[in-house]
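Scroll down for the structure; my scribbles are underneath it.
Derivation of every value follows stated rules applied to the coordinates shown; laboratory data play no part. Worth saying up front: this structure is predicted, and the values here are computed from it rather than measured. As a convention, Cβ positions derive from the backbone with ideal geometry for all residues, glycine included, and neighbour counts pool all protein chains shown.
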Amino acid sequence: MNPELLGRVSAQMGANGLPYTIPIHPNLVHLTLGLFIVAIGFDIVGALFPLEKPVFKLLAIPATRSNFFDVGWYNMAAAAGITFFTVAAGFYEVMLADSPAGVKSAWGLEAFETMLWHGVGGVVLLGAIVGMTIWRGYQRFVWRKDLSRQVQWSYVFVGLFIFGLMFVHGTLGAHLAGEFGVHNTADHLLRLGQDPNVSLR
């Protein structure tokens, strides 16, 4: 690549190694996680509703089973949509990553290996979330539209398994920021020999 062009691009990067102040990917990740967890959580509450109904009645909470399933469906659909942007932002930001060599994470991986596994995991989770959304849609509108329990137990268990994958995937992302300093403003300034307390005022 043209050294002059590289110099111009580098001059536009902020202290976090990105052309904008706050990294986009970590914020979208938490939106994806929240939407997916709420979707599965409300579907679990809806599936267990006959057991919980006396508790809702005792607490005078006007809850209906279909409302829980509505929340589950809309959150899952939103998670599928936002995850495309989450993965796209992740790939953009990882292309701009400047990670230290010779450093290993708590899992014994170097920065490049961690970025590789995190990227592959992001694509796998995107496929899983989209697949879960399609599965959820078929349950809602076709297979179980006339049943009071809108979700299959197998769907709920697969959702809980995906929680576990998200934990592993999220830990890899945390290693990138915390242990390798990828797009971490304070870490980047320290590597440049600057005092973040002075530079970030």
15 Å beta-carbon shell around LYS104, net charge (K/R +1, D/E -1):
-3
Mean Cβ-within-10 Å packing, highest first, puts peptides 83-95, 152-164 in the order 83-95, 152-164
Contour minus Cα-Cα distance for VAL123 and LYS53 (0.36 nm per residue):
21.3 nm
Spin-label model distance (nm) - ILE37 vs ALA174, 7 Å beyond Cα toward Cβ
1.1 nm
What is the gain in length, in nm to one decimal, between VAL142 and GLU110 on full extension, counting 0.36 nm per residue of separation less the C-alpha to C-alpha distance?
6.8 nm
Difference of contour (0.36 nm per residue) and Cα-Cα distance, MET95 to ILE22
24.7 nm
